[in-house]
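Engineer: I'd like to ask some things about the structure below.
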Amino acid sequence: MAESLEVLIGRVALRDEAAFRNLYDRTSAKLFGVCLRLLRQRSEAEDALQETYVKVWRNAAQFSASGHNAMSWLIAVARNHAIDRLRARWTEAAPLDAEVEVADEMPDPERQALASDMGRRLRQCLGELEAVRAQAVAGAYIDGFSYQELADRHGIPLNTIRTWLRRGLAKLKECLSR
Amino acid sequence: MTDTLPPDDDLAAAEYALGVMPAAERALFAARLDLSPELRTAVSSWEIRLAALADQIPEVAPPPQVKAALMTALFTPETEPRAGFWENLWLWRTLTGVSLAALAVMAGLYLRAPAPPAVPGAVYVAELASDKTTVRVIAYYDAQSGTLRLDRRAGEPAAGRAMELWLIAGTDKPKSLGLMPATETGSVVIPTTLRDAVQTATLAVSDEPAGGSPTGQPTGAVLAAGKVHSL
């Protein structure tokens, strides 16, 4: 029987190379999808994926205390790294690769996260938010939109969008804790 | 769970987990995260709350060369580093110039960012990077305590080698600030005689034999460098 991802990360924390290779094989397609969606450029997403797994190798010991399950931890490592890269694009937006499809519209929260129980609850609570706020949360998470990009997309001044999104997040937390 | 934190900190944790903060604010929040287990818990809780949104992102198999490069980078001892780099002054200037430009933009972003987290005393920051390596270090200097906090975001020493941190003030010879911490984050206390120089200095990381430079001056390649800038 295959070991759980949690067990594999535990073995990676003990510097087990075979466990690391196995973990990569089983999770890299998801993390590459995440990097590609956020960075929208294949070569940069490949770099980010490699750096993400270097962090996984180095920081695996922090996993058990984080309260995460294996997949949510790995996704968080990948997202945080890709977002760091995204925000570090100081001067110019990287040109988009034609082969990478970019969503023109905000993701539809109604279609999200049907699979898991966590997903069902999240979808339910996003549904309790104003539709545009739910879209902003999903857009920030999935496509990596910054406050500036959200402000542009929603036609809301930059200094208002923050208060606006924070209120949505507070409400989301309240709903999820019910 | 996270309700012991002030509500503003919990929402900042949400913004960090979501990724919406501008770069400079994000870097400062990351520095706070290093110091606060409560804040780390709050960020993790938000990451867990939001994780199901990733269900919608399709899997894409990465090309096999990514795995090959990763395994080589992690598990193959590297061979000799490039030498002679330190004499190459123009490259030096390019490195620091690029970092300076990046930080000027960063400072601009920071000034426009609403409600920056409170940081006591004067704070200086340097981003150490190079287009020749993947090493990237963010350094925060707290002038009040003379502490330089180091956040190594990417890159690590080659097998059997060490990374040494240097302070270069004006045209002076580099002064060693000791070896980079083995962990991703750590701090060094700047000797009192060097503190005045930090605010306008350049920081650099060099590749050195394990245990550090035997000569008191850099002997290996510059892995990353950046100019100190006030925030």
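The values are calculated or read from the model by the stated rules, or taken from the named source; none is laboratory data. In this text the structure is predicted, and so the values were computed from the model without any measurement. Note: ideal-geometry Cβ built from the backbone for every residue, glycine included; neighbour counts use all protein chains shown.
Engineer: So which helices (runs of 4 or more DSSP H) stay within the stretch A:1-83 end to end and still have 3 or more residues that are aliphatic (A, V, I, L, M), surrounded by fewer than 21 Cβ atoms within 10 Å (Cβ to Cβ) and more than 8 Å from chain B (Cβ to nearest Cβ)?
Structural biologist: A:5-13
Engineer: Starting from the stretch B:194-213, keep only residues that are within 21 Å of B:G160 (Cβ to Cβ), then list their pairs with residues that are at pLDDT 85 or above and in a helix (DSSP H, G or I) whose Cβ atoms are within a distance under 8 Å, requiring at least 6 positions of separation or different chains.
Structural biologist: Nothing qualifies.
Engineer: Now for a different question. Name the residue that is modelled with the lowest pLDDT, counting only residues in the stretch B:56-70 that are in a helix (DSSP H, G or I) and either touching a Phe, Trp or Tyr at 6+ places or on another chain (Cβ under 7 Å) or within 7 Å of another protein chain (Cβ to nearest Cβ) (or both).
Structural biologist: B:Q56
Engineer: Next up: Sort through B:G146, B:G155, B:G186 and tell me the only one that's among the small types (G, A, S), more than 26 Å from A:E51 (Cα to Cα) and either at pLDDT 85 or above or surrounded by fewer than 19 Cβ atoms within 10 Å (Cβ to Cβ) (or both).
Structural biologist: B:G146
Engineer: When you check B:E127 against the structure, is it in a strand (DSSP E or B) and either within 14 Å of chain A (Cβ to nearest Cβ) or surrounded by fewer than 14 Cβ atoms within 10 Å (Cβ to Cβ) (or both), yes or no?
Structural biologist: Yes: the conditions hold for B:E127.
Engineer: Would you check if there is a residue in the stretch A:162-177 being surrounded by fewer than 17 Cβ atoms within 10 Å (Cβ to Cβ), more than 10 Å from every other protein chain (Cβ to nearest Cβ), outside any helix (DSSP H, G or I) and modelled with pLDDT under 95?
Structural biologist: Scanning the stretch A:162-177, I find no residue that is surrounded by fewer than 17 Cβ atoms within 10 Å (Cβ to Cβ), more than 10 Å from every other protein chain (Cβ to nearest Cβ), outside any helix (DSSP H, G or I) and modelled with pLDDT under 95, so the answer is no.
Engineer: Would you call B:D207 over 26 Å from B:A30 (Cβ atoms) and of a type outside the set (A, V, I, L, M)?
Structural biologist: Against the criterion (over 26 Å from B:A30 (Cβ atoms) and of a type outside the set (A, V, I, L, M)), B:D207 does not qualify.
Engineer: List pairs: first in the stretch B:7-22 and under 14 Å from A:R167 (Cβ atoms) and more than 7 Å from chain A (Cβ to nearest Cβ), second surrounded by fewer than 22 Cβ atoms within 10 Å (Cβ to Cβ) and of a type in the set (D, E), Cβ under 9 Å, 6+ apart or cross-chain?
Structural biologist: Going by the 9 Å Cβ cut-off, the qualifying pairs are B:D10/B:D3.
Engineer: Please find, among B:R161, B:R153, the residue that is touching an Asp or Glu at 6+ places or on another chain (Cβ under 6 Å) and closer than 23 Å to B:L70 by Cβ.
Structural biologist: Only one candidate passes the filter, namely B:R161.
Engineer: Find all pairs meeting these conditions: Cβ atoms under 8 angstrom apart; at least six residues apart or on different chains; first residue within the stretch A:162-174 and closer than 14 Å to A:V132 by Cα; second residue among the hydroxyl-bearing types (S, T, Y).
Structural biologist: Note: pairs meeting the criteria are A:R162/A:Y147; A:L165/A:Y147.
Engineer: Additional query: Going through the stretch B:34-47 one residue at a time, which ones are more than 10 Å from every other protein chain (Cβ to nearest Cβ) and either part of a helix (DSSP H, G or I) or touching a residue at least 24 places away in the same chain (Cβ under 8 Å) (or both)?
Structural biologist: Within the stretch B:34-47, B:D34, B:L35, B:E38, B:L39, B:A42 meet the criteria.
Engineer: Check the stretch A:150-157 and report whether any residue there is crowded, with 20+ Cβ neighbours inside 10 Å, within 9 Å of chain B (Cβ to nearest Cβ) and either in contact (Cβ under 8 Å) with a residue 12 or more places away in the chain or in contact with a Lys or Arg (Cβ under 6 Å, 6 or more places away or on another chain) (or both).
Structural biologist: yes
Engineer: When the residues of the stretch A:117-149 are filtered to those that are more than 10 Å from chain B (Cβ to nearest Cβ) and buried (at least 19 other Cβ atoms within 10 Å of the Cβ), which remaining residue is farthest from the chain's Cα centre (by Cα)?
Structural biologist: Ranking the candidates gives A:L129 first.
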